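J.: Questions regarding the structure given below will be posed in turn.
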Ligand code: UDX
């Protein structure tokens, strides 16, 4: 049962996208009063009518439940005047050199500087490079000489489960520079269990976000690289051992690589931060190169089995970067489709919720199907791209009977090989060869050597940017998908 505190806070939330809207609605659920601000009047008008700009399970109901505590407006100036705390949750898109574009953050800081008239806590919620809080402070100070604080409160929300991730977090990371800001931020999260709150300095909080996400991406690329190094081995057995030994919830699920608006962006931005600080970042480079290769691993396999792909019909199940979301950003399906089409293949695809969004990326370059089985009808090969629950429920014999050529490439190991009798089934890391104990030892040593190099790079960066490395490592390990066993003692 949520403990109810009365000294909750009035919060202005700048940005009503995946992060801003979810955060605003959940902070209302925690008892705060929220003023959601966006420059997009259409978006604000829709939100006033309860029409959400994003698909996030449970968000619509939570918004409805808290409508009495949430206001939507385009009037940023008024929101600043009425708020005690101002969250900046606007986009920080990647630039060509891998760095984050902070123009939107800077613009909000300017609006705050021009309209702040009394003490406020300004909170970076967007994923921003270490040191951004200093930039926000400098911009505001250009226009306002009064007292204020800038804090960091990074988000760890997974798309498709963002509401649950917010209300039941592994940790709430609060980076503050004064007792006053700390007290106010603890009021904001006053109805969150105390043991979930981790307070540190601002730069360490900014760094914990990147260190955590990059480690999760490193975990994924590490196990995916095993399928590239040992193509004939059963890597699913190896990752089961890694989960057993290191962390059952570890991001050790092999597949077609990671996509989304966070991992690719965060890794590139962290890589840029290391580079500008003159720190060797070979590990981070590799995370990205392995991931890009993994997305299109099935193309040579299909070419090998089908020969010339001219006008061959390839069916894809799953388009978004993962199940339960319509987000197509950096989705592995896009790289797959691009390569297959460049070889002359015809693509038919289905995704339970992402097809509308996918059409913005693919236009009419592929055929869209209305259900799973229709997609498979007459196809020369099937590629399972995401692990949607409804794909798991498909009957193997129904798939087999519809394929005109018996080839299934299972990108998320939704099925097992013995589920099919008539087709060539190719999973990821599902080779027949069992790893010897010596090979397993090599793999585990390689993992711990990799994490040791990563930890060393974090140490170097923390000292360069004056972050607290103990807090950064602690904040990382509080993520239940990382945990305390990822570094060899
Ligand atoms: C991620 C982080 O999990 C979250 O903490 C952060 O705040 C935002 O970025 P998100 O990108 O929404 O969240 O999705 P997530 O569920 O983490 O998956 C990211 C990608 O990694 C997906 O493409 C998924 O398919 C892939 N993945 C995940 C794997 O390939 N293997 C795994 O074991 C886990």
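J.: Show me the ranking of peptides 181-191, 51-61 by mean Cβ neighbours inside 10 Å, starting with the highest.
T.: Sorting 181-191, 51-61 by mean packing, highest first, produces 181-191, 51-61.
J.: Further question: How would you rank 416, 118, 99, going from fewest to most other Cβ atoms within 10 Å of each one's own Cβ?
T.: By the 10 Å Cβ count, ascending, the order reads 118, 416, 99.
J.: Here is a follow-up. Roughly how large, in nm² to one decimal, is the mean projection of the convex hull of the alpha-carbon atoms in the chain?
T.: For the chain, averaging the hull's shadow over all directions gives 23.5 nm².
J.: In cubic angstrom, how much convex hull volume per residue do the alpha carbon atoms of segment 363-409 span?
T.: Cα convex hull per residue, to the nearest whole number: 87 Å³.
J.: Segment 151-196 to segment 309-357: how many Å between their Cα centroids?
T.: 36
J.: Okay, moving on. Which order do the peptides 199-205, 399-405 take when ranked by the mean count of other beta-carbon atoms within 10 Å per residue, highest first?
T.: Per-residue mean Cβ counts within 10 Å order the peptides as 199-205, 399-405.
J.: Same structure, new question: Averaging sequence separations of C-alpha pairs under 8 Å and six or more residues apart, then dividing by the length of the chain, give the relative contact order as a whole percent.
T.: It rounds to 14 percent for the chain.
J.: How far, in nm, would the chain grow between residue 143 and residue 195 when pulled straight, counting 0.36 nm per residue and subtracting the alpha carbon separation?
T.: That pair, residue 143 and residue 195, stretches by 14.9 nm at full extension.
J.: Against the longest alpha carbon principal axis of the chain, how many degrees, from 0 to 90 and to the nearest 10, is the axis of helix 103-115 turned?
T.: 20
J.: Could you give the nm distance between label points at residue 371 and residue 404, where each point is 7 Å from its Cα heading toward the beta carbon?
T.: 2.2
J.: Compare the peptides 260-271, 444-455, 336-347 by average per-residue count of other Cβ atoms within 10 angstrom and give them in order, highest first.
T.: Highest to lowest by the protection proxy: 260-271, 336-347, 444-455.
J.: Measure off 7 Å from each Cα along the Cα-to-Cβ vector at residue 95 and residue 280, then give the distance between these two points in nanometres to one decimal.
T.: Rounded to a tenth, the inter-label distance reads 2.8 nm.
J.: Classify segment 62-169 as rounded, prolate or oblate, taking a ≥ b ≥ c as the square roots of the eigenvalues of its Cα gyration tensor: rounded when a/c is under 1.5, otherwise prolate if a/b is larger than b/c and oblate if not.
T.: oblate
J.: Mind pulling the angle between the C-alpha long axis of helix 332-342 and the longest principal axis of the chain? Nearest 10 degrees, somewhere in 0 to 90.
T.: Result, in degrees: 50.
J.: Within segment 31-47, find all residues whose amide N lies under 20 Å from a label point positioned 7 Å from the Cα of residue 75 along Cα-to-beta-carbon.
T.: 33-47
J.: With both bridge residues required to lie in the chain, what share of the DSSP beta bridges run antiparallel, to the nearest 5%?
T.: Antiparallel bridges make up about 5 percent of those DSSP assigns within the chain.
J.: If you don't mind, another one. Rounded to the nearest 500, what is the 222 nm mean residue ellipticity of the chain from helices alone, with -39500 (n - 2.57) per DSSP H run of 4+ residues and division by all residues?
T.: -14000 deg cm²/dmol, from helical runs alone.
J.: Continuing with the same structure: Relative to the first principal axis of the alpha-carbon coordinates of the chain, what is the inclination of helix 179-188, with its axis defined by its Cα atoms, in degrees from 0 to 90 and to the nearest 10?
T.: 60
J.: How far apart, in nm, are the 7 Å Cα→Cβ label points at residue 433 and residue 229?
T.: So the label points at residue 433 and residue 229 sit 1.3 nm apart.
J.: Can you give me the relative contact order of segment 1-109 as a percent, contacts being Cα pairs under 8 Å and 6 or more apart?
T.: RCO, segment 1-109: 33 percent.
J.: Please work out the Kirkwood hydrodynamic radius for segment 146-187, using every pair of different C-alpha atoms, and report it in angstroms with one decimal place.
T.: 11.7
J.: Counting alpha carbon pairs within less than 8 Å and at least 6 residues apart, what relative contact order, in whole percent, applies to segment 117-180?
T.: This gives 37 percent for segment 117-180.
J.: So between residue 293 and residue 61, what do we pick up on full extension, going 0.36 nm a residue minus the alpha carbon distance?
T.: 79.5 nm
J.: Turning to a different aspect of this structure: Would you work out the Kirkwood radius for segment 62-106? I mean one over the mean of 1/r across all pairs of different Cα atoms, in Å.
T.: 13.2
Values quoted throughout were computed directly from the atomic coordinates according to the rules given, and no laboratory measurement underlies them. Everything numeric in this text was worked out from a predicted model, so none of it was measured. With ideal geometry, Cβ positions are generated from the backbone for all residues, glycine too; neighbour counts draw on all protein chains shown.
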